[in-house]
Amino acid sequence: MSSLILPAVLSGLMMGAVYALVALGLTLIYGVLHIINFAHGSLLMLALYAVYFLHYHLGVDPYLAIPIVLPVFFALGYALQRGLIAPMSSGSEQNVLLITLAISMIVDNLALYFWTSNTRTADIAYAYDTVEILGAYLPLGRVIAFVAALAVAPLLWAFMAYTRTGSAIRAVAIEKRGAELVGIDVNHTYAICFGIGTACVALAACLLLPTFYVTPQVGYTFVLVAFTTVVLGGMGSLVGALIAGLLLGVIESLCGLFLGESLGQIGIFLAFILILLFKPSGLLGRAR
């Protein structure tokens, strides 16, 4: 059994990086807009379908689809926030929750109507290639996703820390009224933030498809774990979301090893409860 633990830990880190990437978008949206985006999983599902159809109809490799899908989904997120969520919510956070939930239900049911519930996978030549790391053979696609997710997190942090747009986002997150007084377009900043969060799930879709599947319900597979990751890492903490995603991936993998794959996520929620009992603000969250 000990010979299986290291491969399980490494496999968990690979999957945890994808959880973290999905959670980064949620974290950014919560950190600025102070809302939970219930449509996050549905947008991930749409992105997976977009990458799948690009590959199926045009032969575009999922990794090469990144420069196509990311700007499209950034624009989609921007348009949803600026044209639908903001006008209909009237500034009420409760209304935003209901609107994003309604968007999720509409998108999921439209996907089910147009694309049925059939499971689709991309037929990619390297899908079954493996890489040996510390004696463990890991899927090449998961390794690429792990490296990409670890690269995206510091890039997103640098964007927030060193760019004018990032400074505007941080200013709006700290004090909306003060940001307005110094000339920052708050509505535009909100929409950019929502667009970046949506682009994160699009990137996750490009990294997932070589080794994963797509159905209209696939978003549920990730969004609950992503919400858990956001809370566990500390609401609004990008670094916390990355650490929590990796941790939960390892916990899920080890629980799947000892309890059976279908019970792997039990460990995620047990760890979630235990950690919040001792640190309610999350791993890197600030106590309020």
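The values are calculated or read from the model by the stated rules, or taken from the named source; none is laboratory data. The shown structure was predicted, so the numbers you read here are calculated from the model rather than taken from an experiment. Backbone-built Cβ (ideal geometry, glycine too); neighbour counts: all protein chains shown.
If you take the residues of region 220-242 that are polar (S, T, N, Q) and part of a helix (DSSP H, G or I), which of them is surrounded by the fewest Cβ atoms within 10 Å (Cβ to Cβ)?
Going residue by residue through region 220-242, those that are polar (S, T, N, Q) are 221, 228-229, 237.
Still in the running and part of a helix (DSSP H, G or I): 221, 228-229.
On the way: T221: 17, T228: 20, T229: 32.
Selected residue: T221.
Filter region 74-109 for residues that are crowded, with 18+ Cβ neighbours inside 10 Å, under 22 Å from Y220 (Cβ atoms) and among the polar types (S, T, N, Q); which is modelled with the highest pLDDT? Break it down into steps so the answer makes sense when it comes.
If we filter region 74-109 for residues that are crowded, with 18+ Cβ neighbours inside 10 Å, which is where we start, we get 74, 76-78, 80-81, 85-86, 89, 96, 99-100, 103-104, 107-108.
Those left that are additionally under 22 Å from Y220 (Cβ atoms): 76-77, 80, 85, 96, 99-100, 103-104, 107-108.
Among the residues that remain, those that are also among the polar types (S, T, N, Q) are: 100, 104.
Values: T100: 88, S104: 91.
Among them, the one singled out is S104.
Restrict the check to region 185-194 and report whether at least one residue is more than 20 Å from A145 (Cβ to Cβ), charged (D, E, K, R) and more than 12 Å from the chain's Cα centre (by Cα). Talk me through it step by step, then tell me what you get.
Initial filter on region 185-194 (more than 20 Å from A145 (Cβ to Cβ)): 185-194.
Now restrict to residues that are charged (D, E, K, R): 185.
Filter again for more than 12 Å from the chain's Cα centre (by Cα), leaving 185.
Within region 185-194 (the criterion being more than 20 Å from A145 (Cβ to Cβ), charged (D, E, K, R) and more than 12 Å from the chain's Cα centre (by Cα)), the answer is yes, since at least one residue qualifies.
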Query raised in the report: Taking L209, is it surrounded by 24 or more Cβ atoms within 10 Å (Cβ to Cβ) and over 15 Å from L28 (Cα atoms)?
Result: yes
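For region 243-251, indicate whether the set of residues that are in a helix (DSSP H, G or I) and either more than 20 Å from the chain's Cα centre (by Cα) or within 26 Å of S90 (Cβ to Cβ) (or both) is non-empty. Even if it seems obvious, please write down each step before you answer.
The first filter runs over region 243-251 and keeps only residues in a helix (DSSP H, G or I), leaving 243-251.
The next check asks that each one be either more than 20 Å from the chain's Cα centre (by Cα) or within 26 Å of S90 (Cβ to Cβ) (or both); those that pass are none.
Looking for residues that are in a helix (DSSP H, G or I) and either more than 20 Å from the chain's Cα centre (by Cα) or within 26 Å of S90 (Cβ to Cβ) (or both), one finds none in region 243-251, hence no.
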Query raised in the report: Of the numbered conditions (1) touching a residue at least 24 places away in the same chain (Cβ under 8 Å); (2) in a strand (DSSP E or B); (3) of a type outside the set (K, R); (4) loosely packed, with under 13 Cβ neighbours inside 10 Å, L138 satisfies every one except a single condition; which is it?
Result: (4)
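Looking at this structure, is G41 under 18 Å from the mean Cα position of the chain (by Cα) and within 30 Å of Y126 (Cβ to Cβ)? I'd like the intermediate steps shown before the answer.
Values: under 18 Å from the mean Cα position of the chain (by Cα): yes; within 30 Å of Y126 (Cβ to Cβ): yes.
It is true that G41 is under 18 Å from the mean Cα position of the chain (by Cα) and within 30 Å of Y126 (Cβ to Cβ).
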Requested in this report: Give the residues of region 171-184 that are without any contact (Cβ under 8 Å) to a residue 60 or more places away in the chain and part of a helix (DSSP H, G or I), sorted by residue number.
Outcome: A171, I174, K176, R177, G178, A179, E180, L181
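Okay, residues lined up against (1) farther than 26 Å from M15 by Cα; (2) of a type outside the set (G, A, S); (3) in a strand (DSSP E or B):
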position	(1), (2), (3)
A50	no, no, no
L80	yes, yes, no
L84	yes, yes, no
A102	yes, no, no
N118	no, yes, no
Report summary line: The condition from (1) at pLDDT 90 or above; (2) out of contact with any strand residue (DSSP E or B) (no Cβ under 9 Å at 6 or more places or on another chain); (3) buried (at least 24 other Cβ atoms within 10 Å of the Cβ) that M45 misses is numbered (2)
Report task. Residue by residue through region 43-79, note down the ones that are more than 24 Å from T189 (Cα to Cα) and either among the acidic types (D, E) or without any contact (Cβ under 8 Å) to a residue 60 or more places away in the chain (or both). Result -> F53, L54, H57, L58, G59, V60, D61, L64
Report summary line: Taking first residues from region 90-106 that are under 18 Å from A191 (Cα atoms) and in contact (Cβ under 8 Å) with a residue 12 or more places away in the chain and second residues anywhere that are of a type in the set (A, V, I, L, M) and exposed (fewer than 15 other Cβ atoms within 10 Å of the Cβ), the pairs with Cβ under 6 Å that are 6 or more apart or on different chains are I99/M88
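Suppose we filter L283, L246 for residues that are closer than 18 Å to V22 by Cβ, aliphatic (A, V, I, L, M) and modelled with pLDDT of 80 or more; which single one remains? Step through it out loud before you land on a result.
Working: L283 fails: modelled with pLDDT of 80 or more.
Answer to the check: L246.
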Query raised in the report: (1) part of a helix (DSSP H, G or I); (2) closer than 23 Å to L84 by Cα; (3) in contact with a Leu (Cβ under 7 Å, 6 or more places away or on another chain): which one isn't true of I192, the others all being true?
Result: (3)
Report task. Hey, can you tell me all the residues within region 142-191 that are surrounded by 15 or more Cβ atoms within 10 Å (Cβ to Cβ) and farther than 20 Å from Y30 by Cα? Result -> R142, V143, I144, A145, F146, A148, L150
